[in-house]
Structures are given as C-alpha cells and as structure tokens.
Amino acid sequence: MSTNRRIVVTDVRTMELREEPIPAPARGEVRARTTYIGVCGSDTHAFHGRHPFIPIPYMPGHEATGVVDELGEGVTTVVVGDRIVVEPTLPCWECKPCRIGSENLCENLQFFGCGYPQGGMADQFVVRADRLHVIPDDIGDLDAALIEPLSTPVHAGRIAGPLQGRSVAVLGAGTIGLLMLAVARWSGAAKVVVTDPLPAKRDAALRLGADAVVDAMAPDVAAQVRAALGESADVVFDCVAVRSTTLAAIDMALKGGTVVILGVPAADFELPIRIMQDQQIRLQGSATYVPQDYATAIEMIQAGAVRADDFITGRFPLTRAEEAFDASSSGEHIKVLIHP
Ligand SMILES: [Zn+2]
Ligand SMILES: [Zn+2]
C-alpha cells in the first residue's frame, strides 16, 4: 500500500475518504497501523456541527488502537509490533496543570483526532510516542477499543470518589453512562440507579448491573431516583449535561451531594445557585483522563468488569464510516467501531 486512506470531515454532515501519502513519524513520534477506532459522541456531534470545541474541517478518530509500524528518532518506549492504545490528549508538559499531573487540563492542550492534523480514522496514523499505552497480551483487539472510552468515567469516578458504599445515580445510558455504571459497580457503590429516556437503553443498564432504572422523561424523575436509592444520591454522574438532566441531578443530590458533569454540554444554562449554596451541593466538572485512569480501565477490562460483547454493537470498514457515524447517533447502538 503506497497511500494512506483517511476520513476527513469537510463540512457539516459531509465526510470524504481522502488518499494521502503515508505519514512519516517525526522525532518522538511513531507510525501505527490502525486496528480499531471507536466512534464517539463528540465525533458525531462535531460531524453535525454541534460540538462546542471542534472546528470543521477535522480528522476524526481519538479512540484509536493500532500496531506500531515505524519509530521516529529517539523513541525508546515502544517497539515495532507493539499493540497500542492512544491517549489522545497532547499536553505541552510546560504549563502549571502539566507540571502538577493534570495534563488533561493543559493550558495549551491539543487533541489527537479532535481539531488536530492527525486522527485515527485512517489506515495508518502518526502520534507522539508519549501518548501510547501498550495493550497487555490478555486483552483482545475489540476489548482494547474500550480502554479510551472507559477511562473517561474512570476519571470522573476517581475525582468524585470514593464511591465505596455510596448511593450513585447515573444520568444517561449511552456508552459513557453504561461505562460509568460499570465503574460505580467496580468501585463498590452500594446502589446505582440509571436514568434514560429510551426503554432499550434502560434495559441495557439493568442487564449491566443497575439496581434500578428510571425514565428520564418522567416529570418526577428526581423523586423516583431518590425512592429507588432509598435516600438522596451521594454522587450523580450527569453523562448528558443538558438543562433538564443537570437540574434533576441537583435535585437528586440534595442535600450535600456531588454532581459530576462528564457529558459534553452543547449549550450553557442557568443553575439554581441559591439552592446549591444553601444545600451544600458540589458541582464537579470532569474532562478526559490521565495515565492512571488508563491503568484502571485496563485493569477493569482484564478482570472482565467491562466486556466487548456487552458494549460493541457495530463494526464498519473505513469506506462505510458515514454509516458508522449514523449508527452511532441512532440511539440503537452502544459502541460502534471503524476498522481499515
Ligand atoms: Zn471519545
Ligand atoms: Zn501543558
């Protein structure tokens, strides 16, 4: 193969499979042959022109796994043939967050597969070697595709935690919500109640270990969640982050609970700040992950706490990437993957 095929989103709801020269790794970079790339909510939002921070055109594919094919100068941390998963944040390592181990919050953050010249939706991609995690031999390729998406709820659970013995609500039973449920269970939460408007997604949450599910469209959703928990929620993970879910989350957490926002909000809205002060509500944003979250995600997958069979519901070749995006935003899938 002398050229590299790459998906490029060229306009709102428009993508093309572009032929380009095979990219060469610069110093400190590697080139990898793609194995599987996940389609994420942020990909489909950006494709529809609704993502707040990803400009079009863009080269998608931040949930990337592959096999190292060529090393740039100075790379010693991986070898050719290593199976790798990308940690797509590209920190500067110079700013204050980078210096204190919060490189997910880098003041100069770039993001592989999100508004960056390289992404994983291609036959081959080039990425900084310091952003790679080697996939252990006992994790198969399909399971490995879940490491990046699982790391997001692992991070949210860790910064909101400890969850051991706690009453937890998870709002939204899409990929991130269902993985959040798995993290809450793994972390020893006493009870986990999941909400979603779609019956099929609520069924999936029950199948994957929720103690109870509640219709997110019910006018008394917060009261129903409190009833199912038997008390207020210690931690509510808002994986949707629209006005109705965040307001319901605050209601569930009264008094003294924590609301974690890990869904990507499409718009700003007003919060009941007087109640939040008076009832001591903690609002915690959560953005991506750091390496220790990848390590926990890998450990969870090795232990069978998250399995590809439960989560990966669609696979499409690069040539059918648009179908993969449509499937991913249809509400009928959990995780859709693309492969060359
Ligand atoms: Zn993602
Ligand atoms: Zn930085």
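The values are calculated or read from the model by the stated rules, or taken from the named source; none is laboratory data. Please read these numbers as outputs of a predicted model, since none were measured by experiment. Neighbour counts run over all protein chains shown; Cβ positions are idealised from the backbone, glycine included. Heads up: the accessible areas ignore ligands, DNA and RNA and are worked out on the full protein's heavy atoms, side chains in. Shrake-Rupley method; radii C 1.70, N 1.55, O 1.52, S 1.80 Å.
Could you give the length gained by full extension between Ile22 and Gln302, i.e. 0.36 nm per residue of separation minus their alpha carbon distance, to one decimal place? Walk me through the numbers before you get to the answer.
On the way: separation 280, 0.36 × 280 = 100.80 nm, distance 3.36 nm.
Full extension of this stretch gives 97.4 nm more.
Just tell me which aspartates and glutamates come within less than 13 Å, Cα to Cα, of Lys201; anything on the same chain fewer than 8 places away is out.
Partners found: Asp215, Asp310, Glu332.
Using the Cα atoms of the range 160-311 to build a convex hull, what is its mean projected area in square nanometres? Intermediate values should be presented prior to the final figure.
Working: hull surface 34.7 nm².
One quarter of the hull surface, i.e. the mean projection, equals 8.7 nm².
Around Ala212, which amide H atoms from residues at least 5 apart in sequence, or from another chain, sit under 5 Å from its own amide H, with H modelled in the peptide plane?
Under 5 Å from the amide H of Ala212 lie the amide H atoms of Val192, Val194, each far enough along the sequence or on another chain.
Given labels modelled 7 Å from the Cα in the Cβ direction, how far is it in nm from Arg13 to Arg315?
Going from the Arg13 label point to the Arg315 one covers 3.1 nm.
Hey, could you pull the Cα Rg and Dmax for the chain, both in Å?
19.8, 64
At a 1.4 Å probe radius, which order do Ile22, Ile250 fall into by accessible area, largest first? Before the final figure, lay out the partial values.
Working: Ile22 55, Ile250 0 Å².
Descending accessible area places them as Ile22, Ile250.
Which value, in Å² rounded to 10, gives the accessible area of Ile273 with a 1.4 Å probe and all protein chains present?
Ile273 exposes around 110 Å² with every protein chain in place.
Say a paramagnetic label sat at a point 7 Å from the Cα of Tyr116, along Cα to Cβ; which residues of the range 5-23 have their backbone N under 18 Å from it?
Output list for this probe position: 6-9, 23.
Hand me the chymotrypsin sites (Phe, Trp or Tyr not before Pro) from the range 242-340 located in a DSSP loop with no more than 12 other Cβ atoms within 10 Å, in residue order please. Walk me through the intermediate numbers first.
Details: sites: Phe269, Tyr289, Tyr294, Phe311, Phe325; in loops: Phe269, Tyr289.
Sparse-neighbourhood loop chymotrypsin sites (Phe, Trp or Tyr not before Pro): Phe269.
Once you have the Cα-Cα distance between Ser2 and His45, take 0.36 nm times their residue separation minus that, and quote the gain in nm to one decimal.
Working: separation 43, 0.36 × 43 = 15.48 nm, distance 3.24 nm.
Between Ser2 and His45, full extension yields an extra 12.2 nm.
Show the residues, 5+ positions off or on another chain, whose built amide H is closer than 5 Å to the amide H of Gln110.
Answer set, sorted by chain and number: Leu90.
If you bin every alpha carbon distance in the range 57-119 into 5 Å steps from zero, what whole percent lands in each bin?
4, 17, 17, 20, 24, 15, 3, 0
Using the C-alpha gyration tensor of the range 1-80, what are the square roots of 5 times its eigenvalues, in whole angstrom, with the largest one first? Working shown, then result.
On the way: eigenvalues 145, 42, 25 Å².
Taking √(5λ) for each Cα gyration eigenvalue gives 27, 14, 11 Å.
Using a Förster distance of 25 angstrom, determine the FRET efficiency expected from the C-beta separation of Leu206 and Leu283, and round it to 0.05.
On the way: r = 28 Å, r/R0 = 1.14.
That gives a FRET efficiency of 0.30.
Work out Dmax and Rg for the range 101-156 from the C-alpha atoms and quote the Rg first, both in angstrom.
13.0, 36
So which trypsin sites (Lys or Arg not before Pro) in the range 209-286 pass both tests, a DSSP loop state and at most 13 other Cβ atoms within 10 Å of the Cβ? Kindly include the intermediate steps, with their values, before the conclusion.
On the way: sites: Arg226, Arg243, Lys255, Arg274, Arg282; in loops: Lys255.
Answer by residue number: Lys255.
Give the long-range amide H neighbours of Ile135: residues separated by 5 or more places, or on another chain, with amide H under 5 Å away, using H modelled in the peptide plane at 1.01 Å from N.
Under 5 Å from the amide H of Ile135 lie the amide H atoms of Arg83, Ile84, Val85, each far enough along the sequence or on another chain.
Can you compute 3J(HN,Hα) from phi for each residue in the range 246-261, using the Karplus curve 6.51 cos²θ - 1.76 cosθ + 1.60 with θ = phi - 60°, rounded to whole Hz and x for Gly and Pro?
5, 5, 5, 4, 4, 4, 5, 8, 6, 10, x, x, 10, 10, 9, 9
Two decimals, Cα atoms only, Kirkwood Rh: what is Rg/Rh over the range 54-211? Write down the numbers at each step before the final one.
Working: Rg = 17.8 Å, Rh = 17.6 Å.
Here the Rg-to-Rh quotient is 1.02.
Give me the percent of DSSP beta bridges within the chain that run antiparallel, rounded to the nearest 5. Please list the in-between numbers first.
On the way: 33 of 59 bridges.
So the antiparallel bridges amount to about 55 percent of the total.
Explain nothing, just compute: Karplus ³J(HN,Hα) = 6.51 cos²θ - 1.76 cosθ + 1.60, θ = phi - 60°, for every residue of the range 29-35 in order, whole Hz, x for Gly and Pro.
Result, ordered by residue: 10, 10, 9, 10, 8, 5, 9 Hz.
Residue separation times 0.36 nm, minus the C-alpha to C-alpha distance between Leu271 and Glu332: what's the value?
Details: separation 61, 0.36 × 61 = 21.96 nm, distance 3.13 nm.
Full-extension gain reported as 18.8 nm.
Find, among the GluC sites (Glu not before Pro) in the range 221-330, those assigned to loop by DSSP (not H, G, I, E, B) with at most 13 other beta-carbon atoms within 10 angstrom. Could the numbers behind the result be given before it?
On the way: sites: Glu231, Glu270, Glu299, Glu322, Glu323; in loops: Glu231, Glu270.
Answer in residue order: Glu231, Glu270.
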